[in-house]
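Single-structure report; data block below.
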Amino acid sequence: MNALADMPTSATTATASDDSAPLIEVRDLRKRFGEVEVLRGIDLQIARSEVVCIIGPSGSGKSTLLRCLAALETYDQGDVRIEGELLGYTERNGHRVRASQGEINRVRRNVGMVFQQFNLWPHMSALGNVMEALLRVRHLSRDEARRRAHAMLETVGLAHKADAYPAKLSGGQQQRVAIARALAMEPHIMLFDEPTSALDPELVGEVLQVMKQLARDGMTMAVVTHEMGFAAQVADKVAFIDQGRIAVAGKPREVFHDAGQPRLRQFLQNYFDRNAFWTQGADEAGPA
Ligand SMILES: Nc1ncnc2c1ncn2[C@@H]1O[C@H](COP(=O)(O)OP(=O)(O)OP(=O)(O)O)[C@@H](O)[C@H]1O
Ligand SMILES: [Mg+2]
């Protein structure tokens, strides 16, 4: 199918307020780095309030996919639609052309992202880090930005650390500040790329707890994770990516219990072998 053939005549023809449209719709997404095709035809829909966990081996394209959804990476073919609007491209005289940076920023305005590395400003307090984009991007007054930033730090359980600098915060606390920073922009969807992978094991729980609460509050989320327990508990849908394709997708129970697909079986087996001490969990969530 020619993915470019049935483009809308304008990137703004779809209504952003159409609540029935999937929040994110990815169709035949392809992306190459030089000679290597890293995403090889991804189809994915994320409905409002849905939590999708993305699992898969290293190098399979998980981060590249998320980065395409946040317009941090361009894509070569296919569609990425955010609330019905095409991201990154627009149609001019029957051709698809790169959208202006202003247009891209507008379409991805409601997409928040949290990375493995927290990327906090070292010279700003936790509060300052959360306020920064509110001042510079949203142009809120200092008072309004401070009020909202405080509320967000409270959401992640860190109101008492508002004045602390990143160097004085644990990794888990820094990641929670990064989550507060993203939430302060009032996103409609949050993308998480292995948010707990850089953390000491005993700090993972506090970050997952915040993410679970977000999910309970109805936040739409796409989470690349190796935390299978989190995926099994929280995800509405689990997508297993292998070599740039979604090889298996379904409810956690289907994906974890009925892992018939050989690559998925192998992936999960490796995971559960590494976590063999966790016998109870492996019995519950491991492949049948
Ligand atoms: N900027 C880039 N330039 C060239 N190749 C890249 C670039 N970014 C990623 N790649 C390649 O694309 C492939 C997919 O990378 P990606 O980071 O999306 O994988 P991943 O599934 O997130 O892996 P991991 O689990 O290790 O984070 C890899 O082969 C990687 O080397
Ligand atoms: Mg990655």
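The values are calculated or read from the model by the stated rules, or taken from the named source; none is laboratory data. Please read these numbers as outputs of a predicted model, since none were measured by experiment. Here Cβ is always computed from backbone atoms with ideal geometry, including for glycine, and neighbour counts include all displayed protein chains. Note: accessible area is taken over every heavy atom of the protein model, side chains too, but ligands, DNA and RNA are not part of it. Shrake-Rupley method; radii C 1.70, N 1.55, O 1.52, S 1.80 Å.
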**Item:** So residue 123, is it surrounded by fewer than 15 Cβ atoms within 10 Å (Cβ to Cβ), part of a loop (DSSP other than H, G, I, E, B) and on the phi > 0 side of the Ramachandran plot
**Value:** no
**Residue satisfying condition, being among the hydrophobic types (A, V, I, L, M, F, W, C), assigned by the TED database to the domain that holds residue 55 and within 16 Å of ligand 1 (Cβ to nearest atom), within set 215, 247** = 247
**Message:** Return the residues of the stretch 242-258 that are modelled with pLDDT under 95 and acidic (Asp, Glu); say none if nothing qualifies.
**Reply:** 254, 258
**Complete:** Residues of the stretch 82-114 being in a strand (DSSP E or B) and touching a strand residue (DSSP E or B) at 6+ places or on another chain (Cβ under 9 Å), in sequence order, are 82, 86, 89, 90, 91, 96, 97, 98, 111, 112, 113, 114
**Prompt:** Just wondering, is there one or more residues in the stretch 179-201 that are in the same structural domain as residue 53 (by the TED database), in a helix (DSSP H, G or I) and either in contact with a strand residue (DSSP E or B) (Cβ under 7 Å, 6 or more places away or on another chain) or not aliphatic (A, V, I, L, M) (or both)?
**Reply:** yes
**Request:** Please tell me if residue 240 is among the aromatic types (Phe, Trp, Tyr), within 16 Å of ligand 2 (Cβ to nearest atom) and open to solvent by less than 10 Å² (accessible area, probe 1.4 Å).
**Result:** yes
**Prompt:** So residue 34 clears everything in (1) within 16 Å of ligand 1 (Cβ to nearest atom); (2) free of Cβ contacts under 8 Å to residues at least 24 places away in the same chain; (3) under 18 Å from the mean Cα position of the chain (by Cα) except one condition, right? Which one?
**Reply:** (3)
**Item:** Residue identified as surrounded by 14 or more Cβ atoms within 10 Å (Cβ to Cβ), free of Cβ contacts under 8 Å to residues at least 40 places away in the same chain and under 24 Å from residue 107 (Cα atoms) among 176, 136, 181, 148
**Value:** 148
**Asked** So which of 227, 202 ends up being farther than 21 Å from residue 22 by Cα, within 14 Å of ligand 1 (Cβ to nearest atom) and open to solvent by 10 Å² or more (accessible area, probe 1.4 Å)?
**Response** 227
**Request:** Keeping to the stretch 42-64, report how many residues are outside any loop (DSSP other than H, G, I, E, B), more than 7 Å from ligand 1 (Cβ to nearest atom) and open to solvent by less than 50 Å² (accessible area, probe 1.4 Å).
**Result:** 8
**Members of the stretch 32-41 that are within 16 Å of ligand 2 (Cβ to nearest atom) and open to solvent by 10 Å² or more (accessible area, probe 1.4 Å)** = 33, 36, 38
**Message:** Any residue that is in contact with a strand residue (DSSP E or B) (Cβ under 8 Å, 6 or more places away or on another chain) and touching a residue at least 12 places away in the same chain (Cβ under 8 Å) - is there at least one of those in the stretch 115-129?
**Reply:** yes
